[in-house]
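Written out below as structure tokens is the structure these notes cover.
What follows draws every value from the coordinates through simple rules; no lab data is involved. Because the structure is a prediction, the values reported are computed rather than measured. With ideal geometry, Cβ positions are generated from the backbone for all residues, glycine too; neighbour counts draw on all protein chains shown.
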Amino acid sequence: MGHGGDVITELTTDHQEVEELFTNIEELPAGDRQRKVYADQVTMELVRHSVAEEAYLYPAVRELVPGGDALADKELEDHAEAEQTMKDMENYEADDPQFDMLVGKLMTEIRTHIRDEENNLFPRLREACSPEMLNELGDKVRQAKKTAPTRPHPSAPDKPPANKILAPGAGLVDRMRDALSGRGKES
Ligand SMILES: [Fe+2]
């Protein structure tokens, strides 16, 4: 598959895409239906990003970065918090004041996460890893993000069947996470 830079470049590009979607939301007036469309896109991007980070980035951080366990634990906590906000957000339409409140909360959480990773975690990872390792991690992360939630035939044999992936009633966050990570892998 194509080589699109090392893991830090790859994940920083994700952050920029999410920030662009946040800006789109902020530029629209409260109640505009398009805000919900962008929020759903943000959710899909963020779940993809989180699953890839959890599968490959944080294990590498734990193994290679001094003090990496504490760093990874903190990031996982942040992910769990943001994920809850995204789940809550699914329940409201764009014209509901609760939606505005939750979008605002999510933006604050994610912007903090992004700053934290880019200013603290990424520099420390770069110091601890060879360029080859960072490239290799970049490939793995890209591969992990590629698995689309609606794809009917997951390529890996350990993935759940499509009827489980598309379980009715499950929210966007859960469907995405199940499809990307395989049900039962998460703690
Ligand atoms: Fe990130």
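Spatially, region 44-69 and region 12-28 are offset by 21 Å when compared through their Cα centroids.
Straightening the chain between residue 37 and residue 170 buys 46.1 nm, computed as 0.36 nm per residue apart minus the Cα-Cα spacing. Listed values for region 12-27 are Karplus-derived 3J(HN,Hα) couplings in whole Hz (6.51 cos²θ - 1.76 cosθ + 1.60, θ = phi - 60°), namely 5, 5, 4, 4, 5, 5, 5, 4, 4, 5, 4, 4, 4, 5, 5, 7, and x replaces Gly and Pro. Modelled spin-label separation between residue 126 and residue 16, with each label point placed 7 Å from Cα along the Cα-to-Cβ direction: 1.4 nm.
Global size of region 31-134: 15.8, 49 Å for Rg and Dmax (C-alpha atoms, Rg to one decimal, Dmax whole). Modelled spin labels at residue 76 and residue 26, positioned 7 Å past Cα toward Cβ, are 3.2 nm from each other.
Simple spin-label estimate for residue 69 and residue 90 gives 3.3 nm between the two label positions (7 Å along the Cα-to-Cβ direction from each Cα). Projected onto their three principal axes, the Cα atoms of region 7-181 cover extents of 49, 38, 23 Å, largest first. From most to least packed by mean Cβ count within 10 Å, the peptides 136-146, 14-24 give 136-146, 14-24.
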